[in-house]
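Take a look at the structure below.
The values are calculated or read from the model by the stated rules, or taken from the named source; none is laboratory data. In this text, all values refer to a predicted model and were calculated from it rather than measured experimentally. A quick note on method: Cβ atoms are made from the backbone with ideal geometry, for glycine too, and the neighbour counts reach across all protein chains shown. Quick note on the areas: whole protein, heavy atoms, side chains included, nothing else; ligands and nucleic acids left out. Shrake-Rupley method; radii C 1.70, N 1.55, O 1.52, S 1.80 Å.
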Amino acid sequence: MSLPVLPRGISTLRELGLGPSNLSGRPRDHIDWPLFVVAAIIAVLGVVNMYSATSVYFGTTRAGLAEIYINQVYWLAIGGAVGAGVSAIDYRHIERYAYLIYVAGVFSLALVFVLARDVRGASRWINIGSFSFQPSEFMKPCLIVALAKYLHDDPRSEPRTARELIVPVILTAIPGLLIAKQPDLGTALMMGLIFVSIMAITRIDRKTLVGALATVGIGGPLLWTFALPYQKARVTTFLNPAADIKGMGYHAYHARVAIGNGRALGNGYMNGMQNQYRFLPDQYTDFPFPVFAEEWGFVGAMVLLALYGFLVLWALRIASQARDRFGAVVSVGCGALIFWHAFINVGMVSGMLPVVGMPLPLFSYGGSSVLTITLCIALLMNVSMRRYSGFSALSRL
Amino acid sequence: MSLLVPRPDVGEFRLRFRWLALIVVVLFLAVVGRMVHLQLMMGDEYAAIARENVVRKVTLATTRGIVRDRKGEVVAASRASYDMFVEPKRITALDDKGNPRMGDVWRRLVELASLGDEERQRYEQKILAIRGRGGARAEQQIVLMEDISRDIVAALMTHARELPGIHVVPVSVRYYPRGGVGAHMLGYMREVDADMLAELRKQGYAEGDRVGASGLERAWESYLRGTRGWEKVLVDARGARRPTREDILEDPKRVEPIPGRDLRLTVDARIQDAMVKAMQSELAGGAALIDVRTGRILGLVSKPTFDPNQLSGGFGKQTVREAFRKLFNDPLKPALDKTLSGAYPPGSTVKPFTALAALEKGLIDQRMSTVCRGFLSFGKRIFRCTQSHGPTSFHKAIAQSCNVYFYRLVSDYGLTMDMIAEVAMRFGLGQKTGLGINAESSGRVPTRAWMTRRNKGQFRIGFTVNAAIGQGATTATVMQLALAYAALANGGTLYQPQIVRSVETADGAVVQDLAPRVRRRVTLDSTYRQLIADALWGGVNEEGGTSSRARLAGLDAAGKTGTSQVSHRPTNSEELDNIWYFNRDHAWFTGYSPSKSPEVAICVLIEHGGSGGKHAAPVAFEILQAYHRIVEQDRQAEEKALGGRASP
């Protein structure tokens, strides 16, 4: 019996996760500690940052907001518990019910139009008692699972043509359009980005690729004419931020000032001036990064970006080591979800991208967002933990 | 064996993970690049913007200087007044039909401020009208009550938490404890309007500031107003103060306001009171009491007066408007400063100067005499005398004020208008005295050239006849005559009148001590001066002297009465109804006391008072007596203080 051929750059079996301890077949012996630890660090930093961000509300009429970091801890605890549960179940079971999960997600999205309550002109929430949740958030992992299931069931080695992409496109388009109709362009865009990211690991027929790019090139400007005024305003404000500092550009402008004001070493914890003097609206939802960057400076911002970067690259590593196609696609999808959220949020608050309502993973306040991210981490953990267990997928390759 | 089975990504997914990782790294590097740009390269600029966002310069109010009289009594100061502002939108509510009604806060306010029904309804109407119209004004703070009483202020401040939308704001208003006494001299304050602001903004004035409008308040504005200070404070995006990061403030953090300079006047409040009391039965006029040795004004009174407190805004805008309306509709012209701004025919008070002109030119000497039959016909006109004086000497002509004697100086002795004008002007008539407060009239001393020009090339000798007794075109102000007589009294020094003794800091240190200023030394032959002085003494003290009936026992004074004719053209119905009053003669008395070594000169004008001897002289004597009494009091008090210090 010869030794297996080691992948490039890996010299020992242990590094490959094939050391003696890894030879045991029990998934709980293969807990992905780097994944868990990095995610936990981000979550802790997020809560710590939220405490500072909302401390400005102490002693005001909105003093309740100063307490929300506690809620965030609860959400993280719930997310951790749910995540533990999700990662304990072999993801093959998830694969089996993938389309069912997808349909449930789409159904809850449709429910929004029946039961919705308005928040700032958009209906995105469903109330169940005193508890309200955002189906569009949960739709993201549902879509990932559905696309994974489709690609898992449809292995190919030759490039995919347009005809063979119809099913995944429809799978993405249904929730995408429903969400766009709410209207929540940011989340709809996220659906598209998840689709594109997942399809990036497949081989696409060259003609199809050119055709898709052409469609985007022509369809983009066409979409612009259908955009709502506030959506247009965000883009024009982005292109010319100085024109409207008091109005639409207010968020973007002051977020940028806060980040810049952090300079190399930051103002110090609880001392961010733009935040303390309340120039950062939504500092605990969509704009926590400027608070962090102002207080911890360039050094802190680099640490946080490195943590997100690690998480995303680690997800790709998990994908590359997944035992089957479903695991690989789910990992890529979850990695893409975390990546795009982090990239777009930071890009938006630093003035690289237009203002889109996009939460920063584990930093932004909100149960739906926290649960979605913890769910993704749990899926990654699930795939990572079972990379060695029986290759049931073998038969399907 | 399972370990040897190729990974599932072999085939389709294979190398693509690396591409994805590359894209992720590149995009993250773009973000890193953005951070380098924002935080490392532009950091200082953004830090400056962040600092600018929170640092505000707030002005620190200064206090206007206090004005005190000669003895230190406060005659103008500042006090805090409290205005109540309300936000109509916050204290009203809409009923079911969308009509505004007063809210609960208002009921609480009515209770605390114990508003009467009528008052309450008026305010409610005002508030509901504003709320009904809606718009930005309904959300702004509007003034509801001005200068509310201390009790109400205390009640409202104690219960401030129950009164959202209601604000009590302190403002500084000028306060004149003596009310109308000396109001023309002190002046009043007014709020700067847009036109004035265009001019004054570069001197640091702002909307809502008050500025001296007349009198000393205006003339000494730059000394009194003080300089505003400022302080840097930290405010958040909502404008609330948050001092948490005071470490970012750069020096200087605060510039203290400089309070305005205090003024010490030459005027004595007690003398002012005595002057007001002496004139209390008269309707209109003016009086000035001047120290002949320095030209310093001891008392200055103009009647009728006004209350500068009402004009200066302390009691609210409504009061100001009403006070102004009253001020300008009164036919007795209370707005006019009758000691400085009003010029009147001086009548016989100029006779000493006419006589002096005749003596100096050598036209007559003291032995010249004539017989007065009560009139003198000259050309086609008859010039009247007050009575038939019979044989009249130089002394008697002045003491008993014989017009005929002066007519004859012109008709028979060759006294010309220019000779009279030269002497009158030498003593300061026809020129502004230079006191510097209020719009001063220069009066008028007619010359031949001027009269000719005014009468289209015709000059009649009758003009000179009139000028000799201070009638016709001649006019003078109370201040001018007082100073001219002061110059007669002190042997020929014509002073520039002085009202501010010194400029002091808020803690009483003298910044500037203002010395008396001599306008000029008047050529005055001591023999002639003595002749005139004797005659002026006679006018008061001799049998038949024009003011001898008003003489007060124990008062040593000399002076000249004047009764100047007026021909009044009524300008409105009120004046027409009271034409008997407006056609009455102006009554004058001007003189000095004591007659030997004089200390003070006085000039009293009673507008339309009738005869100088009957109406002006008693007032003047009462004032002079009060002056001597006050001087004596002060002397005794000083002696007592000195004695008290020496005895134990």
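The C-beta contact set for the stretch B:544-558 (first residue modelled with pLDDT of 90 or more, second residue open to solvent by 20 Å² or more (accessible area, probe 1.4 Å) and part of a helix (DSSP H, G or I), distance under 6 angstrom, 6+ apart or interchain) comprises B:ALA550/B:PRO618; B:LEU552/B:GLN625; B:LEU555/B:GLN625; B:ALA558/B:TRP537.
When each of B:ARG161, B:ARG131, B:ARG120, B:ARG150 is tested for being surrounded by fewer than 18 Cβ atoms within 10 Å (Cβ to Cβ) and in contact with a helix residue (DSSP H, G or I) (Cβ under 6 Å, 6 or more places away or on another chain), the lone residue that passes is B:ARG120. Residues considered: B:GLU45, B:GLU52, B:GLU73. Of these, the only one that is out of contact with any strand residue (DSSP E or B) (no Cβ under 9 Å at 6 or more places or on another chain) and in contact (Cβ under 8 Å) with a residue 60 or more places away in the chain is B:GLU73.
The condition (being under 22 Å from A:ALA88 (Cα atoms) and either crowded, with 23+ Cβ neighbours inside 10 Å or modelled with pLDDT of 95 or more (or both)) is satisfied by just one residue among A:SER368, A:SER364, A:SER384: A:SER384.
Scanning the stretch A:181-213 for residues that are within 19 Å of A:GLY357 (Cα to Cα), more than 14 Å from every other protein chain (Cβ to nearest Cβ) and not in a loop (DSSP other than H, G, I, E, B) yields A:LEU185, A:GLY186, A:THR187, A:ALA188, A:LEU189, A:MET190, A:MET191, A:GLY192. Taking the stretch B:59-140 as the region of interest, the helices (runs of 4 or more DSSP H) fully inside it that hold 2 or more residues being at pLDDT 85 or above are B:104-112, B:117-133.
In this entry, B:LYS303 is excluded by the filter for residues that are modelled with pLDDT of 90 or more and among the basic types (Lys, Arg). Filtered by the rule that a residue be farther than 17 Å from B:LEU336 by Cβ and not small (Gly, Ala, Ser), the stretch B:589-618 gives B:PHE589, B:THR590, B:TYR592, B:PRO594, B:LYS596, B:PRO598, B:GLU599, B:VAL600, B:ILE602, B:LYS614, B:HIS615, B:PRO618.
Candidates in the stretch B:64-81 are the residues that are more than 18 Å from the chain's Cα centre (by Cα) and surrounded by fewer than 20 Cβ atoms within 10 Å (Cβ to Cβ); of these, the one that is nearest to the other protein chains (Cβ to nearest Cβ) is B:ALA80.
Cβ-Cβ contacts under 7 Å between residues 6 or more apart (or on different chains), taken from a first residue in the stretch A:160-171 that is in contact (Cβ under 8 Å) with a residue 24 or more places away in the chain and of a type in the set (Ser, Thr, Tyr) to a second residue that is surrounded by 14 or more Cβ atoms within 10 Å (Cβ to Cβ) and not in a loop (DSSP other than H, G, I, E, B), are listed as A:THR161/A:THR208. Does the stretch B:357-364 contain at least one residue that is farther than 30 Å from B:LEU435 by Cβ, surrounded by fewer than 16 Cβ atoms within 10 Å (Cβ to Cβ) and modelled with pLDDT under 90? Within the stretch B:357-364, none of the residues are farther than 30 Å from B:LEU435 by Cβ, surrounded by fewer than 16 Cβ atoms within 10 Å (Cβ to Cβ) and modelled with pLDDT under 90.
Just checking, does the stretch B:45-52 include any residue being of a type in the set (A, V, I, L, M, F, W, C), more than 7 Å from chain A (Cβ to nearest Cβ), out of contact with any Pro (no Cβ under 7 Å at 6 or more places or on another chain) and not in a loop (DSSP other than H, G, I, E, B)? The answer is yes; a qualifying residue exists. Residue count for the stretch B:523-543, restricted to those that are open to solvent by 10 Å² or more (accessible area, probe 1.4 Å) and not polar (S, T, N, Q): 10. Note on the stretch A:40-77: residues that are over 25 Å from B:THR244 (Cβ atoms), open to solvent by 60 Å² or more (accessible area, probe 1.4 Å) and touching a helix residue (DSSP H, G or I) at 6+ places or on another chain (Cβ under 7 Å) total 2. Applying a threshold of 8 Å to beta carbon distances and a minimum spacing of six or more residues, or different chains, the list of pairs starting in the stretch B:226-254 at a residue that is within 14 Å of another protein chain (Cβ to nearest Cβ) and ending at one that is aromatic (Phe, Trp, Tyr) reads B:LEU234/A:TYR277; B:VAL235/A:TYR277; B:ASP236/A:TYR277; B:ASP236/A:PHE279; B:ALA237/A:TYR277; B:ALA237/A:PHE279; B:ARG242/A:TYR277; B:ARG245/A:TYR277. Out of the residues in the stretch B:41-60 that are among the hydrophobic types (A, V, I, L, M, F, W, C) and surrounded by 15 or more Cβ atoms within 10 Å (Cβ to Cβ), state the one that is farthest from the chain's Cα centre (by Cα). Result: B:MET42.
For the stretch A:276-290, filtered to residues that are more than 7 Å from chain B (Cβ to nearest Cβ) and not in a helix (DSSP H, G or I), the residue that is surrounded by the most Cβ atoms within 10 Å (Cβ to Cβ) is A:GLN283.
Filtering the stretch A:296-318 to residues that are closer than 14 Å to B:LEU40 by Cα, crowded, with 20+ Cβ neighbours inside 10 Å and facing another protein chain (nearest Cβ under 8 Å) leaves A:GLY297, A:PHE298, A:ALA301. From the list A:ALA264, A:ALA258, A:ALA293, the lone residue that is at the interface with another protein chain (Cβ under 9 Å from one of its Cβ atoms), more than 30 Å from A:ILE31 (Cβ to Cβ), in a loop (DSSP other than H, G, I, E, B) and of a type in the set (Gly, Ala, Ser) is A:ALA264.
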